[in-house]
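Values quoted throughout were computed directly from the atomic coordinates according to the rules given, and no laboratory measurement underlies them. What you see is a predicted model; the values in this text were computed from it and never measured. Counting neighbours? That spans all protein chains shown, and the Cβs are built from the backbone with ideal geometry, glycine included.
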Ligand code: PEP
Ligand code: MN
């Protein structure tokens, strides 16, 4: 399979907006009045660059509000006329795309429940062949960077070059503080694989409640994300979908005002010199850590040979417990995060077991 990078135009080139690009609007378009009033309030804050509203809503369980359908496109067009904000909605199949193109939407997004299905993404891509419209692609609901990238590739092959990804978190059986676990590492992995791809964060669907939105937004900006998609509603508690995570347009303005937008780099000479000294120190320490790690693994090899000679098992649960306990309390005393230390020890232990397993199972070469 070809690993060719995507052919992309940067977000700022087609939005005309310097980071962060802010998209806001209700989870769902409910009535014309609800959408227009919300849109006008958002525009009045001056904090958003585009208006979102779901017209066709992919609901996890039936019996919930599934969207107003095509009529909502007319409401979006009116909202654009009255506010000047570019308009966008979610598309999940070819018919949605056709309706949006006919109505003249400014850009589209593919939702998490669609990205997960290559057949649906291909259908959307086929409907977009030969059309020059920007498309944002949400991460799939499951933590799979390949699927996310695959959806971007399908659209790109159909000729869409004005693209960005949206990070909206991942479904998980374990319930943490978030509705969808952010798993920031996956967004970082996507960015590492396609550095020229802009990623927008959707803190609303990550958080699932309005209290966490500011914190998640700040974290996204600090990870150099290019924008935010935040759900807002004139009366969030009365929203027909995602009520808990929507904010009023004035709360949106407060969130945006509270964000520190840090730049990726600084031309300031003192900053650059100081950073370079600190990075040298990191390089030096990484070097030491790696040398120490290599020495540690050499001892694991010796232990493996010794255990083999004495017919003793590789895993010694008591010893492992003792290692974790002593190291974790040491880490605590040194101001290191306990979870981080446990993860690190698990990796080291895993590797040590691998090394010993290889030794145990090595067939002696006959001379
Ligand atoms: C939405 O944006 O309202 C939505 C349905 O999001 P997601 O695809 O992230 O669940
Ligand atoms: Mn929603």
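Couple of notes before you dig in:
- C-alpha long axis of helix 269-309 to longest principal axis of the chain, angle in °: 50
- Fewest-first sequence of 259, 155 by Cβ atoms within 10 Å of each Cβ: 259, 155
- The calculated P(r) of the range 1-89, using every Cα pair and 10 Å bins from 0, goes 16, 39, 27, 14, 3 in percent.
- Per-residue Cβ neighbour rank within 10 angstrom, fewest leading, 255, 166: 255, 166
- Modelled label positions at residue 146 and residue 301, each set 7 Å beyond Cα in the direction of Cβ, lie 3.3 nm from each other.
- Calculated P(r) of the range 218-367 - Cα pairs past 19 Å, %: 74
- Residue exposure proxy: 327, 332, ordered by other Cβ atoms within 10 angstrom of their Cβ from fewest to most, comes out as 332, 327.
- P(r) for the range 48-129, from all Cα pairs and a bin width of 5 Å, is 3, 15, 26, 23, 19, 10, 3, 0 %, short bins first.
- Choice from 76, 315, 149 showing the highest fluctuation, given a GNM over the chain with Cα pairs closer than 10 Å: 315
- Rounded Å value of the spacing that divides the Cα centres of the range 199-224 and the range 256-326: 29
- Both radii are taken from the alpha-carbon atoms of the range 165-293; with Rh as the Kirkwood radius, Rg/Rh is 1.09.
- Share, in percent, of DSSP beta bridges within the range 11-257 that are antiparallel, nearest 5: 5
- Net length available on complete extension from residue 102 to residue 350 is 83.6 nm, with 0.36 nm assigned per residue and the Cα-Cα distance removed.
- The chain: angle of helix 118-127 to the longest principal axis, Cα-based, in degrees nearest 10: 40
- Note on the chain: with a GNM built from Cα contacts shorter than 10 Å, the maximum mean-square fluctuation among 316, 41, 218 falls on 316.
- GNM result for the chain, Cα springs below 10 Å: residue of 344, 73, 51 fluctuating most strongly: 344
- Angle in degrees between helix 184-193 and the longest Cα principal axis of the chain, rounded to the nearest 10: 90
- Compared with the rule-of-thumb size 2.2 N^0.38 Å for a compact globular protein, the chain has a Cα radius of gyration ratio of 1.22.
- The translational diffusion coefficient of the range 244-332, from Stokes-Einstein at 37 °C and 0.692 mPa s with a Kirkwood hydrodynamic radius over alpha carbon pairs, comes to 171 µm²/s.
- For a label point 7 Å along the Cα-to-beta-carbon line of residue 157, residues of the range 113-128 with backbone N under 20 Å: 114-128
- Ellipticity estimate at 222 nm from DSSP helix runs (n ≥ 4, -39,500 (n - 2.57)) divided over the chain, nearest 500: -16000 deg cm²/dmol
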